[in-house]
Amino acid sequence: MMKLPMVLPLLALTACATPGLPPPSTDVELRHTEDARAVFQASGDRWRDGIGAALFYADKVTQAYERLGVPLEAQHIVLVFHGDAAYHLLNDAAFARYDRRADPTQTQNPNAAVIQRLAERGVRVEICASTMQQRGWERDDLLPEVIVTPNAFPRIIDLQMDGYAHLDFD
């Protein structure tokens, strides 16, 4: 599977998301500004600037879209977590018990603030119930903004069939 072509446009879009600066002059205009749809799949335990990579890029994408004149209500972004990335969505107590980075000084989930910010912007942050079951997690182990979906793969397929672009953060 070729992932690089999907990552390059995302990186280009995030480059436009510098707070306080106007959008750069470009030769290409966005065509989908009234109904921008994307599903971010996060399954690998990847980090960027101290938070989960999928959360980092989703935050950048929503900011970039907004700076480019796409209102929040026209942005339909869903993050589906499963596998090794799923623990990024745990509340502080559960995160401290499960944190694979083994940092004994880490008592809070560093993803909590960005998840709350994304949820406030209308981004859906979902976790696979099968992954939760495999790891012995309950609903009470999750951050309050997180939505439980029955299974990651059928959910992603549903969203793709509904016209969502698929971005993979494996």
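The values are calculated or read from the model by the stated rules, or taken from the named source; none is laboratory data. As the structure is a prediction and not an experimental result, all values here were calculated from the model. A quick note on method: Cβ atoms are made from the backbone with ideal geometry, for glycine too, and the neighbour counts reach across all protein chains shown. Ligands, DNA and RNA are excluded from the accessible area calculation, which covers all protein heavy atoms including side chains. Shrake-Rupley method; radii C 1.70, N 1.55, O 1.52, S 1.80 Å.
What to note about this one:
- Among the residues of the stretch 39-50, those that are open to solvent by less than 30 Å² (accessible area, probe 1.4 Å) and either charged (D, E, K, R) or not in a loop (DSSP other than H, G, I, E, B) (or both) comprise 39, 40, 41, 42.
- Answer from 155, 135, 121 - the residue that is in contact (Cβ under 8 Å) with a residue 12 or more places away in the chain, open to solvent by 30 Å² or more (accessible area, probe 1.4 Å) and touching a helix residue (DSSP H, G or I) at 6+ places or on another chain (Cβ under 6 Å): 121
- Flag if residue 85 is within 16 Å of residue 43 (Cα to Cα), modelled with pLDDT of 95 or more and surrounded by 14 or more Cβ atoms within 10 Å (Cβ to Cβ): yes
- Residues considered: 78, 114. Of these, the only one that is more than 21 Å from residue 165 (Cα to Cα), of a type in the set (Val, Ile, Thr) and open to solvent by less than 10 Å² (accessible area, probe 1.4 Å) is 114.
- Of all residues in the stretch 115-125, at least one satisfies being assigned to a helix (DSSP H, G or I), β-branched (Val, Ile, Thr), under 24 Å from residue 49 (Cβ atoms) and in contact with an Asp or Glu (Cβ under 9 Å, 6 or more places away or on another chain).
- Residue pairs meeting the criteria (Cβ under 7 Å; at least 6 apart or on separate chains; first more than 16 Å from residue 26 (Cβ to Cβ), in the stretch 59-85; second polar (S, T, N, Q) and not in a helix (DSSP H, G or I)): 62/75; 74/33; 80/41; 80/149; 82/43; 83/43; 84/43; 85/43
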